[in-house]
Each structure stands twice: as C-alpha cells, then as structure tokens.
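Down below is the structure, laid out as structure tokens.
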Amino acid sequence: NSVWVSTDHDEIEKVAKQFGAQVHRRSPEVSQDSSTSLEAIREFLNHHDEVDIVGNIQATSPCLHPSDLIKVADLIQKEGFDSVFSVVRRHQFRWSEVKKGENKMTEPQNLNPAKRYRRQDWPGELYENGSFYFAKRHLIEKGYLQGGKMAYYEMRAEHSVDIDIDIDWPIAEQRVLSFGYFGKEPLKEVKLLVCSIDGCLTNGRIYVTEDQKEMVSYDYKDIVGIDLLKKRGIQVRLISERDCSKILSAMQLGCVAKVSATNKLQVLEDWQKDIGLSWKEVAYLGNEESDVECLKKAGMSGVPADACAVAQKAAGYICKSSGGCGAVREFAEHIFLLLEKVNSARKQ
C-alpha cells in the first residue's frame with residue numbers, strides 16, 4: 001500500500017523522495033551500528049497504526065524483482081500466512097568446525113563422504129538469503145520477523161545477491177547488469193558516449209612549456225577503450241569547457257568534439273536530438289559540477305574515481321580508475337556489460 005525508506009541520513013532521504021518513496025526518519029536510538037532491522041521496524045510501527053503487514057526489503061540485496069514481492073504479498077494477504085521470508089537453494093557440503101587447540105576431527109554435517117552426491121543428483125538445501133522478510137504486525141510487536149504460520153519463498157539463484165563485505169560489490173554489479181530489474185520499459189543499447197575531456201580522458205593537469213604551449217597526459221588504455229566502443233557501433237563524442245582543439249588534433253582520436261562549451265547540457269541535448277536518440281541510448285562520463293545535469297539526464301552515467309563529490313552523487317557508476325588513468329576504458333567495459341544484458345533479454 002505504501003513504500004517507505006527508513007533512514008537517518010539527509011541525502012538518502014532526498015534520493016528516496018526523488019524516486020517517489022515516503023521517508024521515516026529513524027531516531028538516534030535505532031540508528032546505531034549495533035541496531036537491528038527489527039528495532040527500526042518496531043519504531044516505524046509505533047508511528048503508523050494503519051500498517052498491518054510489513055515487507056522488510058533489505059538494501060543489500062539489489063537483484064530483487066517486483067514479481068517476487070507481489071507473490072510474497074499474496075501469500076500473506078490471500079493465503080493466510082503470518083510471515084514469509086526469502087531463501088535460496090545451495091549445493092554446499094558442510095563440515096563441523098574444529099577450533100584451534102581442540103584434539104578432535106572434523107565430521108561431515110550433510111553428506112556421507114563414501115557416497116558423495118553429484119550436484120545434479122542432490123536437491124541441495126535451503127538457506128536464508130536476507131533479501132526480504134514479510135510479517136504481520138502482531139508478530140513484529142512481539143519481537144519476531146518470523147513466526148506463526150510461516151512460509152519460505154525460494155528465489156532464483158541469479159537474483160540472490162547479498163552484499164556483506166567489500167569483495168561482494170563487483171560481483172553484485174555484474175549480477176545486477178545481467179539479472180537485475182530495469183523497469184517495465186525495454187532496455188536500450190547505448191549508441192552514444194559523451195566524454196568530458198579534462199579530468200576524464202586526461203588527468204586534468206595542464207603542463208605549460210617555456211614557449212607557452214600546453215601539454216596534457218592521457219592513458220593509452222583509454223584510447224583503446226574509445227576504439228572498442230567505435231567497433232561496437234557506439235559513437236564517441238568529446239566535450240570541454242576549455243578551447244583544447246590543438247590538443248585534440250594532436251591526439252588524432254577521430255571523434256566529434258565541442259570545445260569552449262559554456263553549457264554542456266545544451267550541447268548534449270542538441271547531439272541527442274540531432275542523432276535521434278532517446279536518453280536511455282546516451283551514456284555520459286563526467287567529473288565536475290558542470291557535468292552534473294548531463295549525468296542526471298543520460299541513461300547511463302559514470303565518473304572517474306577522483307571526480308568531485310557532487311558529480312559522484314549524480315552518477316550511476318563510479319570507476320575505480322582516476323581520470324586520465326583508464327577511467328574511459330573501464331566505463332567502456334561497463335557499457336559492454338549492459339549490451340550483454342540487452343542481447344540476453346532479446347534472446348529470451
């Protein structure tokens with residue numbers, strides 16, 4: 001009936017409202033590192049007598065699809081379950097833990113080593129994956145997210161992504177691009193990449209010789225990235241607030257470029273209309289405040305690792321590489337992943 005984001009953070013509140021969610025401002029008491037989701041939900045219910053059922057959707061599980069949540073809501077609303085939680089099927093053999101200093105052997109927990117199952121012959125086991133917990137109000141008020149007449153909902157393995165530690169991030173990014181939910185509109189291929197020159201293609205530094213000639217540095221990996229994009233049929237255009245036409249000529253990239261651009265968004269809109277593209281078919285790589293509106297408009301947006309804070313907040317992807325040090329190549333690889341997603345959806 002309503003979608004809420006529970007947070008004590010101003011920026012998260014702002015983004016949540018931009019996407020149409022309502023916001024519950026958490027109190028300091030339930031915003032500690034040691035606070036649990038259950039504590040936050042119980043506080044929410046204290047302010048909302050009208051709520052009978054809560055679906056607690058975990059932000060660390062980014063591959064959820066609406067169809068799964070609708071089915072779970074039906075289990076409670078139409079089939080009379082008191083709580084429903086998400087699980088995933090795993091095919092992993094478990095062994096007992098032997099702590100250091102203990103004089104004993106490990107023991108098998110769910111297998112007979114003499115008759116090991118092949119994966120295809122073993123149904124596996126169900127594990128909670130933390131994606132969501134649905135429960136009726138009376139259970140939560142008693143301090144439970146699971147109880148009463150319980151049911152599990154088995155999610156597909158490719159949708160079961162849980163971010164716990166740093167190394168989970170790149171895996172989650174790959175999974176979201178391959179299996180994530182991108183809305184009801186069909187995905188579109190990126191057909192145009194617009195890249196800010198200063199701070200993206202170059203590192204933003206300008207070297208001046210004694211005879212007052214400018215020099216910049218760039219990474220050859222980025223040039224390769226531009227060539228790969230072109231080979232995939234993606235136009236690459238460059239933009240700069242400075243007049244760097246001589247430098248561009250020396251680089252011989254063969255890209256349409258607009259220098260001395262006082263209004264980058266206007267240039268981007270003109271290019272988008274001239275080529276006849278939707279915004280979902282446009283990608284933008286920027287790094288400064290002057291790029292923010294372009295980053296928000298483009299269907300796919302990215303910034304180098306050393307981009308300014310406001311640009312990072314506006315971007316959909318933050319590169320691990322800095323400007324002039326491989327960020328263009330990295331963002332190109334990110335675009336290629338989306339193209340794989342598009343092609344996969346077409347085959348299905």
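The values are calculated or read from the model by the stated rules, or taken from the named source; none is laboratory data. If you're wondering where the values come from, they're calculated on a predicted model, not measured in any experiment. Every residue, glycine as well, gets a Cβ built from its backbone with ideal geometry; the counts of neighbours run over all protein chains shown. Areas reflect the complete protein model, heavy atoms only, side chains present, ligands, DNA and RNA absent. Shrake-Rupley method; radii C 1.70, N 1.55, O 1.52, S 1.80 Å.
Some points to look at:
- Over all other residues within a Cβ to Cβ distance under 13 Å of Ala135, the charged ones net out to +2, with Lys and Arg as +1 and Asp and Glu as -1.
- Among the protein heavy atoms of the stretch 232-301, carbon and sulfur supply 43% of the accessible surface, probe 1.4 Å, non-protein parts ignored.
- Two tests apply to each whole DSSP H helix in the chain, Cα reach of 18 Å or more along its axis and mean Kyte-Doolittle hydropathy of at least 0.0, and the ones passing both are 327-347.
- In terms of accessible area, using a 1.4 Å probe and ignoring ligands and nucleic acids, Arg90, Arg232, Arg119, Arg242 rank largest first as Arg119, Arg232, Arg90, Arg242.
- For the residues Cys195, Cys325, Cys255, a GNM of the chain with alpha-carbon springs under 10 Å puts the largest fluctuation on Cys255.
- Per residue accessible area in Å² of the chain, where ligands, DNA and RNA are left out and the probe is 1.4 Å: 59 Å²
- Pairs beyond 28 Å (Cα-Cα), from Lys246/Lys313; Lys71/Lys341; Lys78/Lys142; Lys71/Lys149: Lys246/Lys313
- Fraction of accessible area attributable to carbon and sulfur, the stretch 91-210 (%, probe 1.4 Å): 50 percent
- Shape category assigned to the stretch 52-113 from the gyration tensor of Cα positions, a/c cut at 1.5: prolate
- Accessible-area ranking of Glu158, Glu97, largest first, probe 1.4 Å: Glu97, Glu158
- For the stretch 192-346, size of Cβ-based charge dipole, Lys and Arg +1, Asp and Glu -1, in debye: 600 debye
- Accessible area ranking (1.4 Å probe, heavy atoms, ligands and nucleic acids excluded), largest first, for Trp169, Trp279: Trp169, Trp279.
- Solvent accessible area, Å² - Lys104, 1.4 Å probe, full protein context: 120 Å²
- Amide H contacts of Arg237 (H built 1.01 Å from N, in plane; Pro and chain starts excluded): Leu193, Val194, Cys195 sit under 5 Å, all sequence-distant by 5 or more or on other chains.
- Considering only the chain, percent of DSSP beta bridges that pair antiparallel, nearest 5: 40 percent
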